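A short write-up of the structure that comes next.
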Ligand code: KIV
Ligand code: NA
């Protein structure tokens, strides 16, 4: 049976966790969904792990649509979320155009990076049958404005702003939120205060779901892994086992541990 937005809403209501992994092609998408992972994110992290870029800024809508089509062919029933790439939410018109392309490529939901200002786009997308996940906290497309990949919401003022933005976006009709590199306490508070499912990465075990970049959790991304990454390949021994171990660890709340949080 396919996972839908309702499946994930029900998980939150029942206090059960859900797992998300990125995928960018058909073979890996099939393994991820067959391992029981609830949702697949076609992330613009493909700029880093597929293209070898130093950020997600160069990734285009055409490339996102191509990888979304590839993933859709391999997917076996996981919910498919696709990233709206750099500048795709700059205007409502651009958000509509980008989301149309990604939905027609096979996505079930789009993810937009931003904050409270996404409300207008989310409202119009919603009315047109496109559920939106709003990605807050560390938004990698804004790396140049943020001055690096840093934890967000560390001081009281920015924490309050993020909490209020979460409420605003829920009000605007966001289907889900994603928190990246947000302190554990703030992540847990936001998750508790909104009724919509919240996905965490570098956030908190209290979040309703967790996501990791596939290459990171398989231990094949070059360089020193981020604090929030766990290598599931090391124990599992093979790729299918790593995906299944990740799914289990998210659902029994053994991942993320304290050492993966800020
Ligand atoms: O592009 C991506 O993989 C993402 C996750 C890191 C959340 O946006
Ligand atoms: Na992304």
Mind telling me which of the residues 98, 145 ends up being farther than 24 Å from residue 194 by Cα and surrounded by fewer than 17 Cβ atoms within 10 Å (Cβ to Cβ)?
145
List the number of the failed condition for residue 191; all other conditions in (1) within 16 Å of ligand 1 (Cβ to nearest atom); (2) within 17 Å of residue 40 (Cα to Cα); (3) touching a strand residue (DSSP E or B) at 6+ places or on another chain (Cβ under 6 Å) hold.
(2)
Does any residue of region 232-251 turn out to be in contact with a strand residue (DSSP E or B) (Cβ under 8 Å, 6 or more places away or on another chain) and more than 20 Å from residue 33 (Cβ to Cβ)?
no
Does any residue of region 147-156 turn out to be assigned to a loop (DSSP other than H, G, I, E, B) and within 14 Å of ligand 2 (Cβ to nearest atom)?
yes
Taking only region 38-50 into account, find how many residues are more than 13 Å from ligand 2 (Cβ to nearest atom) and assigned to a loop (DSSP other than H, G, I, E, B).
1
Output the qualifying pairs, or none if there are none: Cβ atoms under 6 angstrom, residues six or more apart or on different chains, first residue in region 250-262 and in contact (Cβ under 8 Å) with a residue 12 or more places away in the chain, second residue not in a loop (DSSP other than H, G, I, E, B).
250/19; 250/210; 255/249; 261/184
Please state which of the following conditions residue 42 fails to meet, knowing it meets all the rest: (1) surrounded by 21 or more Cβ atoms within 10 Å (Cβ to Cβ); (2) more than 14 Å from ligand 1 (Cβ to nearest atom); (3) under 24 Å from residue 241 (Cβ atoms).
(2)
Return yes or no: is residue 128 touching a helix residue (DSSP H, G or I) at 6+ places or on another chain (Cβ under 8 Å) and surrounded by fewer than 17 Cβ atoms within 10 Å (Cβ to Cβ)?
yes
In the list 72, 35, 23, 29, which residue meets the criterion of being buried (at least 22 other Cβ atoms within 10 Å of the Cβ), away from ligand 2 (no atom under 16 Å from the Cβ) and in contact (Cβ under 8 Å) with a residue 12 or more places away in the chain?
29
Just to be sure, is residue 59 crowded, with 17+ Cβ neighbours inside 10 Å, part of a loop (DSSP other than H, G, I, E, B), within 16 Å of ligand 1 (Cβ to nearest atom) and modelled with pLDDT of 95 or more?
yes
Residues in region 199-207: is at least one under 23 Å from residue 85 (Cβ atoms), within 17 Å of the chain's Cα centre (by Cα) and free of Cβ contacts under 8 Å to residues at least 40 places away in the same chain?
yes
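The values are calculated or read from the model by the stated rules, or taken from the named source; none is laboratory data. It should be emphasised that the depicted structure is a prediction, and the values quoted were computed from it without experimental measurement. Glycine gets a Cβ as well: all are built from the backbone with ideal geometry, and neighbour counts include every protein chain shown.
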